[in-house]
Amino acid sequence: MVDRQRPRYGAALKFLLWCGLMAAVVIPVAIAASSPLLAWRDPIYVAAGFAGVIAMALLLLQPLLVGGYLPGVSGLRGRRIHRWVGGGLLAAVVLHVAGLWLTSPPDVIDALLLRSPTPFSVWGVIALWAVFAAALLAAFRPRLRLSVPLWRLAHSALAMLIVVGSVIHALQIDGTMGAVSKAILCVLVIAATGWVILDLRSWAVLRRNQP
Amino acid sequence: MTDLSKTRRAFITTGATVIGAASLSGASGVFRNAYAQSLAPTPTMRGGANNYLPGAPVVERIGGGGFLMTGTVHRAGDGAPLAGRRIQMWAHTTEGHERDVHSHGATLTNEDGIFQLEMPQIVPAFGQAHGHLAYDTEYDDGKFETVFMRPVMSSAKDKTLHVAFVLQPV
């Protein structure tokens with residue numbers, strides 16, 4: 001009886017986990033989609049904003065995929081999807097910056113040159129370069145010939161920079177995202193990233209020579 | 001090190017007292033002139049000139065109005081109010097983006113150095129609900145240095161914004 005019930009309970013938990021994840025990703029995007037600010041923005045600006053919101057949501061998936069925590073996408077499969085989602089994240093970030101550039105070139109140039117009056121811009125730019133660096137590290141992994149622990153340390157450090165930069169960037173912005181759903185998404189992104197870094201012992205290479 | 005920090009603290013305290021005293025005397029009419037001698041010019045704010053379209057026309061109102069931009073213009077040094085100065089303003093509003101020509105307009109200060117211009121409601125854009133104002137010497141009589149301002153609203157729901165200009169004579 002007990003053995004027969006286990007898979008049933010597992011299926012229910014799987015279902016709940018997926019529902020929770022979908023809610024954490026879809027609700028902030030849906031709330032942003034109902035923002036009154038959208039009425040006063042042209043399509044390019046709206047798209048640029050959404051690219052940023054979607055990038056934030058993808059940041060939640062990345063650690064869960066690579067850590068194999070999502071039911072049904074563990075191990076190699078999770079890591080393969082992590083690579084695809086990483087590509088999507090890169091595309092979303094590029095669309096975000098390009099769309100903002102078309103909307104107001106001087107504001108984006110100021111941000112990229114680190115002379116913007118808005119404090120969140122510099123965090124966004126830090127995260128932007130960290131996304132590029134993490135993606136390059138992944139794309140050239142075979143050619144770099146780093147050891148697994150060393151590559152993981154570098155990629156994890158960049159991931160932390162992306163997460164911290166993006167969270168500060170997002171929280172300080174008065175934009176289309178709802179304040180509560182944005183804060184919850186940010187907490188979840190930090191928790192998931194922290195969890196996978198602890199779980200995979202990303203810093204292991206630093207401790208190798210210690211007793 | 002201890003001596004240095006004591007000195008610094010004493011210096012900072014003295015500075016604060018001077019500033020405090022200056023503010024007080026500035027508020028009371030008796031010492032007004034003495035204080036006004038040191039009235040510093042407003043520096044241009046970072047990003048203030050972004051999406052500036054030079055020479056916006058003087059208008060009765062920008063678009064449909066509903067939001068009131070107010071401010072003062074004084075001369076640096078003696079603090080005299082400056083009449084007839086042309087102040088240009090623009091923002092992302094319910095009626096358009098900052099870059100849109102119809103988001104821009106200008107007004108002149110009255111004899112007390114006060115200006116006000118109605119414009120559409122400013123809405124948050126690029127992360128903050130903010131306005132842009134300019135005193136551009138090219139579109140005035142050239143007696144003062146150009147200043148660009150980028151004030152941020154304390155709340156996106158505010159229906160007014162006040163900006164103080166102190167202009168440096170050329």
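The values are calculated or read from the model by the stated rules, or taken from the named source; none is laboratory data. Remember, it's a predicted structure, so these values are computed and weren't measured experimentally. As a convention, Cβ positions derive from the backbone with ideal geometry for all residues, glycine included, and neighbour counts pool all protein chains shown.
Observations, loosely collected:
- The range B:43-59, residues that are in contact with a helix residue (DSSP H, G or I) (Cβ under 8 Å, 6 or more places away or on another chain) and not small (Gly, Ala, Ser): B:ARG46, B:ASN50, B:ASN51, B:LEU53, B:PRO54
- Among the conditions (1) closer than 30 Å to B:ASN50 by Cα; (2) crowded, with 20+ Cβ neighbours inside 10 Å, the only one that A:PRO28 does not satisfy is (1).
- Single residue of A:VAL94, A:VAL53, A:VAL73 found to be in a helix (DSSP H, G or I), surrounded by fewer than 18 Cβ atoms within 10 Å (Cβ to Cβ) and of a type in the set (Val, Ile, Thr): A:VAL94
- Residue match in the range B:131-143 (condition: touching a Ser or Thr at 6+ places or on another chain (Cβ under 6 Å), outside any strand (DSSP E or B), within 14 Å of chain A (Cβ to nearest Cβ) and at pLDDT 95 or above): no
- Yes/no for B:LYS159 being surrounded by fewer than 21 Cβ atoms within 10 Å (Cβ to Cβ), away from chain A (no Cβ under 13 Å) and within 20 Å of A:LEU37 (Cβ to Cβ): yes
- Test result for A:ILE173, surrounded by 17 or more Cβ atoms within 10 Å (Cβ to Cβ), within 14 Å of chain B (Cβ to nearest Cβ) and either closer than 14 Å to A:ALA51 by Cβ or in contact (Cβ under 8 Å) with a residue 24 or more places away in the chain (or both): yes
- Any hit, the range A:34-47, residues being modelled with pLDDT of 95 or more, in a helix (DSSP H, G or I), hydrophobic (A, V, I, L, M, F, W, C) and farther than 25 Å from B:ASP100 by Cβ: no
- Count of the range A:98-117 residues, restricted to those that are farther than 20 Å from B:SER103 by Cβ and surrounded by 19 or more Cβ atoms within 10 Å (Cβ to Cβ), is 2.
- Qualifying position, being buried (at least 17 other Cβ atoms within 10 Å of the Cβ), in contact (Cβ under 8 Å) with a residue 12 or more places away in the chain and more than 27 Å from A:VAL46 (Cβ to Cβ), among A:VAL189, A:VAL163, A:VAL196: A:VAL196
- Restricting the range A:118-132 to residues that are buried (at least 21 other Cβ atoms within 10 Å of the Cβ) and among the β-branched types (Val, Ile, Thr), the residue that is farthest from the other protein chains (Cβ to nearest Cβ) is A:VAL131.
- Taken together, B:GLY84, B:GLY15, B:GLY55 contain a single residue that is exposed (fewer than 14 other Cβ atoms within 10 Å of the Cβ), modelled with pLDDT under 95, away from chain A (no Cβ under 14 Å) and closer than 25 Å to B:GLY142 by Cβ, which is B:GLY55.
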